[in-house]
Amino acid sequence: MLKPLALGGTADLSDEAARPPSGLPDKAELRDRLGKLVERIDQLQVALFAENRRALLVVLQGRDASGKDGATRNVFGPLNAQGCVVSAFKRPSELELAHDYLWRVHMEMPRRGVIGVFNRSHYEDVLVVRVHELVPADQWQQRYDQINEFERMLTENGTTILKFFLHISRKEQKERLLGRLEDPTKNWKYNPGDFEERKRWDEYTSAYRDALRRCSTAWAPWYVVPADKKAARDVLIAEVVVQALEAMNPEFPRVDPELLRKAKLID
Ligand code: AMP
Ligand code: MG
């Protein structure tokens, strides 16, 4: 089971750390295990939906080809479509840029009863924005504290937040990006910008390190997921999600006994 990163802690973002922990079963067994975990998430999600009081937000961040789409599909794809909403954050539109950076994020927060999955998130505003100097440094530097306060407000209002950094090695990323070029069903995923971003590998590593270090709070912790192996990646994420939902312990609302008594009298 993955452990949350401590606030102020330095994440190991070396290539070795992208390999799954030793001792995990083989791929077939991991897929089996994922099936069981997803079933459990589904059961808990039904209760969360019925309870209609709280929400769960899962943030997925990671470099290009780190598996954000794959994890979304494998862990959350099988759930009841009514109870799970996926939001992908791309380059902000003109309208979005006309507001503060959290505006579009707040609008996408899952409503009560729902699991929200963010494929990229407000963290782009301290990652790509920092690496490409899209706003002055004094502005993005203020954002770590702003994000922590934003996430605190959200949790205090009933949303549990889990954040996953899908950590892949340089070598694995290269293979996956080349794979996108070679496989006609994956060409559409290839973006020439991906290789440009890859050149800034170390700058992204520093930006991620700071985001993880400064924003892994008690109320919205970061988990670093070794993501070089897809089956392990999915199981590691699903385990944390199950644990969080079990801790939330959503309850089906009880029917009012008086209502039940009256209903039984109806002919
Ligand atoms: P993808 O996830 O591959 O579809 O790509 C989405 C792109 O949008 C990535 O290159 C992100 O870095 C970029 N993006 C997401 N959020 C922002 C943001 N706030 N500012 C600038 N670029 C962003
Ligand atoms: Mg991409």
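Mean-square fluctuations from a GNM of the chain, with a 10 angstrom spring cutoff on Cα atoms, peak among Glu156, Glu39, Glu172 at Glu156. Working ranking of peptides 59-68, 25-34 by packing, defined as the average number of other Cβ atoms within 10 Å per residue, highest first, is 59-68, 25-34. A convex hull fitted around the alpha carbon atoms of the chain yields 172 Å³ per residue.
Within region 93-140, the GluC sites (Glu not before Pro) that combine a DSSP coil assignment with at most 13 other C-beta atoms in a 10 angstrom radius are Glu133. Between region 97-136 and region 222-266, the alpha-carbon centres lie 25 Å apart.
Where only DSSP H runs of four or more residues are counted, the chain gives -14500 deg cm²/dmol as its mean residue ellipticity at 222 nm, each run worth -39500 (n - 2.57). In a Gaussian network model over the chain where Cα atoms closer than 10 Å are linked, find which of Phe49, Phe165, Phe150 has the largest mean-square fluctuation. Comparing Phe49, Phe165, Phe150 in a Gaussian network model of the chain, the most mobile one is Phe150.
What is the angle, in °, between the Cα long axis of helix 170-182 and the longest principal axis of the Cα atoms in the chain? Nearest 10 is fine, range 0 to 90. So the helix axis and the longest Cα principal axis differ by about 80 degrees.
Here the label points at Arg209 and Asn80, each 7 Å from Cα along the C-beta direction, are separated by 4.5 nm in the simple model.
Summary value for region 84-169: 27 percent relative contact order, contacts being C-alpha pairs under 8 angstrom separated by 6+ residues. Spin-label model, Leu260 to Ser22: label points 7 Å out along the Cα-to-beta-carbon direction sit 5.5 nm apart.
Helix 201-215 axis versus longest C-alpha principal axis of the chain: approximately 40°, rounded to the nearest ten. From the cross-link list Lys36/Lys199; Lys27/Lys68; Lys186/Lys230, which pairs have alpha carbons spaced over 28 Å apart? Over 28 Å apart, Cα to Cα: Lys36/Lys199.
Near Val46: Cβ cut-off under 13 Å, other residues only, Lys/Arg at +1 and Asp/Glu at -1. The net charge is -3. Measure nothing fancy, just the Cα-based angle from helix 137-156's long axis to the longest principal axis of the chain, in degrees from 0 to 90, nearest 10. That works out to roughly 20 degrees. Label positions at Arg200 and Arg53, each projected 7 Å from the Cα along the C-beta direction, are separated by 4.5 nm. A probe of 1.4 angstrom, applied to the heavy atoms of all protein chains, finds Val126 with accessible area near 0 square angstrom. Of Cys215, Cys84, the order by accessible heavy-atom surface (1.4 Å probe, DNA, RNA and ligands excluded), from most exposed downward, is Cys84, Cys215.
Note on the chain: with a GNM built from Cα contacts shorter than 10 Å, the maximum mean-square fluctuation among Tyr190, Tyr144, Tyr204 falls on Tyr190. Full extension of the chain between Trp103 and Met153 yields a length gain of 16.6 nm, computed as 0.36 nm times the residue separation minus the alpha carbon distance.
The values are calculated or read from the model by the stated rules, or taken from the named source; none is laboratory data. Nothing here was measured: the structure is a model prediction, and the numbers come from that model. Cβ sites come from the backbone with ideal geometry, for glycine too, and all protein chains shown count toward neighbours. Accessible surface areas use protein heavy atoms only, side chains included; no ligands, DNA or RNA. Shrake-Rupley method; radii C 1.70, N 1.55, O 1.52, S 1.80 Å.
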